[in-house]
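> Can you keep this structure in mind? I'll have questions shortly.
The values are calculated or read from the model by the stated rules, or taken from the named source; none is laboratory data. Everything numeric here is computed off the predicted structure, so don't read it as measured data. Here the Cβ is made from the backbone with ideal geometry for all residues, glycine too, and neighbour counts use every protein chain on show.
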């Protein structure tokens with residue numbers, strides 16, 4: 001979810017420092033800056049209301065934010081992890 005939010009924020013605020021983007025989002029959505037920072041650091045999970053506010057502001061949907069990112073889908077059981085395991089098989 002955090003990766004997805006990072007992508008949406010980068011799309012909405014290109015060439016803007018992350019801290020500045022967080023401040024703008026916080027001020028325009030009514031969320032506190034500390035809430036934004038905790039959500040984006042993964043320290044806390046956002047409430048459905050917070051997700052809804054973020055989605056609306058970022059021109060997205062809650063479903064899109066919660067959709068697994070391609071990075072998460074590729075981390076487990078992938079060709080990469082299969083290759084890593086198979087490379088440990090000794091050859092004779």
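> Do we find that residue 18 is under 16 Å from the mean Cα position of the chain (by Cα), free of Cβ contacts under 8 Å to residues at least 60 places away in the same chain and closer than 20 Å to residue 66 by Cα in this structure?
no
> Are there any pairs, at least 6 apart or on different chains, whose C-beta atoms fall under 7 Å, with the first in segment 53-75 and farther than 27 Å from residue 31 by Cα and the second at pLDDT 85 or above, and if so, which?
Taking only residues 6 or more apart or on different chains, the pairs are 71/3.
> What residue, of 60, 32, 69, 41, is within 15 Å of the chain's Cα centre (by Cα), modelled with pLDDT of 55 or more and farther than 12 Å from residue 2 by Cα?
60
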